[in-house]
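Okay, so here's the structure we're looking at.
The values are calculated or read from the model by the stated rules, or taken from the named source; none is laboratory data. Quick caveat, the model's predicted, so the values are computed rather than measured. Here Cβ is always computed from backbone atoms with ideal geometry, including for glycine, and neighbour counts include all displayed protein chains.
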Amino acid sequence: MSTTDVSALRPSIQWSFKFTSSTLMQTLQLGIATTLILEYSFFLSQQSNWHESAKTLKLAAAEYNASGTPAAVLKAVKDVLSQDDGDDEKLCKMIIDIILRNRLSKE
């Protein structure tokens, strides 16, 4: 059985992902907002038996923006990042807590 050396086929690019606190804050805000909007869209579709997901998604996004939730999420994300000590598990729990506290459906 012969083996083929494929190491020469690997790209020579080294990926480096460095998050500045601003980038991380924006990423967390976007992820949380997306989660909240999708969860509320699902809630609306179940409550009204709408079958047009585009309409429920637009309504959920509009409600999210009008509700004051973006400001609450921004404040919560800033608070979480100021407490971040490098413990990923703790950070994940705090992010989930932000999502649960800011759900639009509340049911």
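Taking first residues from the range 15-32 that are over 15 Å from P70 (Cβ atoms) and modelled with pLDDT of 50 or more and partners that are assigned to a helix (DSSP H, G or I) and among the β-branched types (V, I, T), the Cβ contacts under 9 Å between residues at least 6 apart in sequence or on separate chains come to F19/T27; L24/V77. Listed by position, the helices (runs of 4 or more DSSP H) inside the range 38-107 whose residues that are within 19 Å of the chain's Cα centre (by Cα), farther than 19 Å from T27 by Cα and basic (K, R) number at least 3 form an empty set. For the range 83-107, the set of residues classified as surrounded by fewer than 13 Cβ atoms within 10 Å (Cβ to Cβ) and within 14 Å of S67 (Cβ to Cβ) consists of R101, K106, listed by residue number.
For K75, the conditions (1) without any contact (Cβ under 8 Å) to a residue 24 or more places away in the chain; (2) in contact with a helix residue (DSSP H, G or I) (Cβ under 9 Å, 6 or more places away or on another chain) all hold with the exception of (2). If you go through the range 53-69 and pick out every residue that is at pLDDT 90 or above and either in contact with a strand residue (DSSP E or B) (Cβ under 9 Å, 6 or more places away or on another chain) or among the hydroxyl-bearing types (S, T, Y) (or both), you end up with 3. What is the residue count in the range 53-72 for residues that are among the hydrophobic types (A, V, I, L, M, F, W, C), surrounded by 14 or more Cβ atoms within 10 Å (Cβ to Cβ) and free of Cβ contacts under 8 Å to residues at least 40 places away in the same chain? Count: 3.
Considering the range 38-52, the residues that are exposed (fewer than 12 other Cβ atoms within 10 Å of the Cβ) and in contact with a helix residue (DSSP H, G or I) (Cβ under 9 Å, 6 or more places away or on another chain) include one that is modelled with the lowest pLDDT, namely H51.
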